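A short write-up of the structure that comes next.
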Amino acid sequence: MPRWPKKDSEKQTLSSDQREKMVAQIENERNYRDGLGNDLPDNAKHAPLGEARGLSVDKGKINRNIGTLERAVKEGTPQRITGTARAGAEKEHKEIADWIREKALTRNEMGMFPRHGYEFHRAVRKSKAQEAGNPEFTSKCLRYKELGRALYPEDPEMSSTERLRQER
């Protein structure tokens, strides 16, 4: 489960897979909470849980965790973008995609090993300068993913930066 940032400026749009996992986790937590005490003998159902089974379970903590997950799903679900805002977002999405295509390592460079000699070391230097070592690249990739998730919530491929890598 991704850690949910506290500041509004750091909040992220969840992918459909992340949302599905969080919703499943919420359901599991609810089932666990609702099932507590159901398997106890009849004479122990009214006794405190710790006394009946030697366990100490804090249902309040479970409820707080469920609430946190529900807020994360609600806040991470992308809002529908329409009209001129959508056109602007699509334009920005395309511009960032072109920029990433230019700066990212190619698929061949990603698959190199030290045995490839000079090409491998050139790919490492390129990665340090343009990709992994470049905070602008990281921020543009995050923005690209956020826009892709907001514009195309049902198509996770549209927020993937890996699809932008060139073959060369």
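Matching residues to (1) more than 27 Å from the chain's Cα centre (by Cα); (2) at pLDDT below 85; (3) among the charged types (D, E, K, R):
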position	(1), (2), (3)
Gly76	no, yes, no
Glu90	no, no, yes
His93	no, no, no
Ile96	no, no, no
Gly117	yes, no, no
Margin query: For the list (1) at pLDDT 90 or above; (2) closer than 22 Å to Thr138 by Cβ, I need the number of the one condition that Val23 fails.
Written below: (2)
Item checked: Only one of Glu154, Glu146, Glu162, Glu167 that is among the acidic types (Asp, Glu) and free of Cβ contacts under 8 Å to residues at least 40 places away in the same chain -> Glu162
Check: For region 90-168, list the helices (runs of 4 or more DSSP H) that sit wholly inside it and hold at least 2 residues that are aliphatic (A, V, I, L, M), surrounded by 12 or more Cβ atoms within 10 Å (Cβ to Cβ) and not assigned by TED's automatic domain parsing to the domain that holds Leu14; which are they?
Finding: 118-126, 135-151
Note to self: Among the residues in region 45-56, are any closer than 30 Å to Ser160 by Cα and either modelled with pLDDT under 90 or surrounded by 10 or more Cβ atoms within 10 Å (Cβ to Cβ) (or both)?
What the structure shows: no
Check: Of these, Thr84, Thr106, which one is polar (S, T, N, Q) and under 14 Å from Thr161 (Cβ atoms)?
Finding: Thr106
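The values are calculated or read from the model by the stated rules, or taken from the named source; none is laboratory data. For clarity, every value in this text was computed on a predicted model and none was experimentally measured. Every residue, glycine among them, receives a Cβ derived from its backbone with ideal geometry; neighbour counts consider all protein chains shown.
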